[in-house]
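Q: Questions regarding the structure given below will be posed in turn.
Bear in mind these aren't lab numbers, they're just calculated from the coordinates by the rules spelled out. Please read these numbers as outputs of a predicted model, since none were measured by experiment. A quick note on method: Cβ atoms are made from the backbone with ideal geometry, for glycine too, and the neighbour counts reach across all protein chains shown.
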Amino acid sequence: MSMRNAVRTMVREYPGGGSGVEQLALVVGKSPSTLDKELRGSAGFKLGVDDAEEITVHCHDLGMPQARQMVTALAARIDCMVLPMPCGTEHGDDECLRAVADASREMHELMTETMQALADGRISDNERTRLERQAAELVRAVQGLLQLLAARNEASKPSYERRTQRGGDA
């Protein structure tokens, strides 16, 4: 799917009745006829990156699943992929969610480093050392996550259950 087709899909599937073109034209500050011509690729009309971004963010804020199609289409053209962030990590103050994000970032870094090292079909001593270091960072992040999850699990139990499991009063 092309980026323009992805934006067209968002506009076509826009909720709330009526024409998505009319409603989203207001969001980007254009006339509906201009936005329609940009979406169709009419001669002399081009959909700008700022407008496509604004439409995408607006549709994402409404919870539309189509909102990721444009960035996914772009990512696919440059041999990448889009992974949604865990909900709430950018706004939350939850240690477990931050630990999940940290572990995910470390995994991404390990995979990136591995793919770069494998690009020439062999692994040098320096590449192996970097990969081992990166793998250790991933293990550290996962262990930290597991510790936080265990603490959350323990804190979630009623007090009588915590005492019983530790060998306290039954």
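Q: Distances over 23 Å make up what percent of all Cα-Cα pairs in the chain?
A: In whole percent, the share of Cα-Cα pairs in the chain beyond 23 Å is 62.
Q: So which DSSP H runs in the chain come out at 20 Å plus along the axis (Cα) with average Kyte-Doolittle of at least 0.0?
A: none
Q: On full extension of the chain, what length is gained from Cys80 through Leu149, given 0.36 nm per residue of separation minus the C-alpha to C-alpha distance?
A: Full extension of this stretch gives 21.7 nm more.
Q: Follow-up question, since we're still on this one. What number comes out for the charge environment of His60, summing +1 per Lys or Arg and -1 per Asp or Glu over other residues with Cβ under 12 Å away?
A: Here the charged neighbours net out to -2.
Q: Let me ask another. Which of Arg12, Arg130 comes first, and how do the rest follow, when ranked by fewest Cβ neighbours within 10 Å?
A: Arg12, Arg130
Q: From the helices alone, meaning DSSP H stretches of at least four residues, give me the mean residue ellipticity at 222 nm for the chain, per-run term -39500 (n - 2.57), in deg cm²/dmol to the nearest 500.
A: That calculation yields -21500 deg cm²/dmol at 222 nm.
Q: Roughly how many debye, to the nearest 20, is the charge dipole of the chain about its Cα centre, given +1 on each Lys and Arg Cβ, -1 on each Asp and Glu Cβ, and no other charges?
A: My answer is approximately 360 debye.
Q: Moving to a separate point now. Give the Cα extents of the range 56-150 along the principal axes, in whole Å, largest first.
A: Principal extents (Cα only, largest first): 49, 40, 14 Å.
Q: Ok, one more. Once you charge only the Cβ atoms, +1 for Lys and Arg and -1 for Asp and Glu, what is the size of the charge dipole of the range 3-77 about its Cα centre, to the nearest 20 debye?
A: It works out to roughly 340 debye.
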